[in-house]
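Beneath this line is the structure, given in structure tokens, with notes to follow.
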Amino acid sequence: MRKKNIVFIAKSIDGYIADKNNGLDWLHSIPNPDQLDFGYERHINQIDAIVMGRTTFETVSNFDFEWPYKVPVFVLSRTLNSIPDDYKDKVELVQGTLSEILEKIHQKGYNHLYIDGGATIQSFLNEDLIDELIITTIPVLLGGGSPLFSELTKDLKFTHIETVIFLKELVQSHYKRKR
């Protein structure tokens, strides 16, 4: 089975995924009366597992609702030594180089991975390990915060697959890595 690492994320016009206080309230700045999922369900149904960083894991685990993922979640961290008991059957802590981590995950039979979290996405991009980017731009300028992208050691070229507009304001673009 072909292996694939996919990013599915929202950003502000100026490229941030969290505001200056690590807040995410701006993600809901556009009214969504019909509770559209903006392609998330289609995306999540195509993946086997999620790879996220510690900060993203801590953010999601502190939300005021049930754990949202039905697939295994692998958390990358150099500083976290264990997973809280409430998440031990849902989350596995992984450490090592990205290549070593991916090899362990693939050996478990997970090949279509959702890569989530700013630093994690940046690390995967820096090692040219992202195959697809699905990025939804929300029409807000945050003026600072956690950037989606950082400096890369080389240019990475992508092919535009499609762009969809939701609620006449959110612009979602899908790109595949040119290899």
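Laboratory data are not the source of any read-out in this text; all were calculated from the coordinates shown. These numbers come from a predicted model, not from an experiment. We place every Cβ from the backbone using ideal geometry, glycine too, and count neighbours over all the protein chains shown.
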Counting other Cβ atoms within 10 Å, which GluC sites (Glu not before Pro) in the stretch 1-95 have at most 11 and lie in a DSSP loop? GLU66
By DSSP, what percent of the beta bridges with both residues in the stretch 1-122 are antiparallel, rounded to the nearest 5? 0 percent
With 0.36 nm assigned to each residue of separation and the Cα-Cα distance removed, ASP37 to THR159 gains 41.5 nm
What is the dipole size for the stretch 131-179, taken about its Cα centre, with +1 at each Lys and Arg Cβ and -1 at each Asp and Glu Cβ, in debye to the nearest 20? 220 debye
Pick from PHE65, PHE149, PHE74: which residue has the top mean-square fluctuation in a GNM of the chain where Cα pairs under 10 Å get a spring? PHE65
Place +1 on the Cβ of every Lys and Arg and -1 on the Cβ of every Asp and Glu in the stretch 37-128, take the dipole about the Cα centre, and give the residue among THR55, SER82, TYR69 whose Cα lies farthest towards its positive end. SER82
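Evaluate the charge dipole of the stretch 1-139 about its Cα centre and quote only its size in Debye, nearest 20, assuming +1 on the Cβ of each Lys and Arg and -1 on the Cβ of each Asp and Glu. Kindly include the intermediate steps, with their values, before the conclusion.
Values: 13 positive and 21 negative charges, 76 e Å.
I would put it at about 360 debye.
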So what is the relative contact order for the stretch 68-179, in percent, with contacts set as C-alpha pairs under 8 Å and at least six apart? 21 percent
So how far, in whole Å, is the C-alpha centre of the stretch 95-126 from the one of the stretch 41-94? 13 Å
